[in-house]
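The next block holds one structure in the form of structure tokens; read it before the comments.
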Amino acid sequence: MDSVTHKARLVFAIIPLVAVIDQLSKAWVLATLTPGVPQPVIGDWFRFLLVFNPGAAFSMGQGMTWLFTLIQAGFVVGVSVYARRITHSWQAVGLGMIAGGALGNLFDRLFREPGVFFGHVVDFVSVGSFAVFNLADSAITVGVVVYLIGVMLEERKVRA
């Protein structure tokens, strides 16, 4: 098996893994938390707080849910098409995490209230006075960092 195929397989393994973990965490939260009622984990600094987000990250862009749905779907498809061109493991892991997070939130937008393309994303992790987010959001954020490290490593290898 050549290394490009290996990288594509890595991407295709990570995408559903991240989406499933995200959806399982959301199912647990929906079954155990009451919306808007904080559950302290580490004092008041780290808590679970169930909210339903109609916008993008940090509740921006409320009222544009349909656009975020299209962007997330397009990104997942784009990464799936691009996966065979990935040559660096860090880039594969990063893109897999980003696409998996996008897919996790896309499921919410497609299958949660108030309806298809307009579903609200389940957020529940609250740290300090920072915005409330979920595991998909975390995967996207960490995935961007991992991908950029991969880009820098690839660039370094090309220059050497």
*Please tell me if Leu67 is under 23 Å from Val144 (Cβ atoms) and surrounded by 21 or more Cβ atoms within 10 Å (Cβ to Cβ).*
no
*List the pairs whose first member sits in the stretch 13-42 and is more than 11 Å from Val122 (Cα to Cα), whose second member is part of a loop (DSSP other than H, G, I, E, B) and open to solvent by 20 Å² or more (accessible area, probe 1.4 Å), and whose Cβ atoms are under 7 Å apart, counting only residues at least 6 apart or on separate chains?*
Gln39/Leu33
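Say whether the condition of being among the aliphatic types (A, V, I, L, M), open to solvent by 40 Å² or more (accessible area, probe 1.4 Å) and in contact with a Leu (Cβ under 8 Å, 6 or more places away or on another chain) is met by at least one residue in the stretch 112-135.
Yes, that holds for at least one residue.
The values are calculated or read from the model by the stated rules, or taken from the named source; none is laboratory data. Note that the coordinates shown come from a computational prediction; the quantities given were computed from them, not determined experimentally. Heads up, the Cβs are rebuilt from the backbone with ideal geometry, glycines too, and the neighbour counts pull from every protein chain shown. Just so you know, the surface numbers come from the protein's heavy atoms only, side chains and all, with ligands and any DNA or RNA stripped out. Shrake-Rupley method; radii C 1.70, N 1.55, O 1.52, S 1.80 Å.
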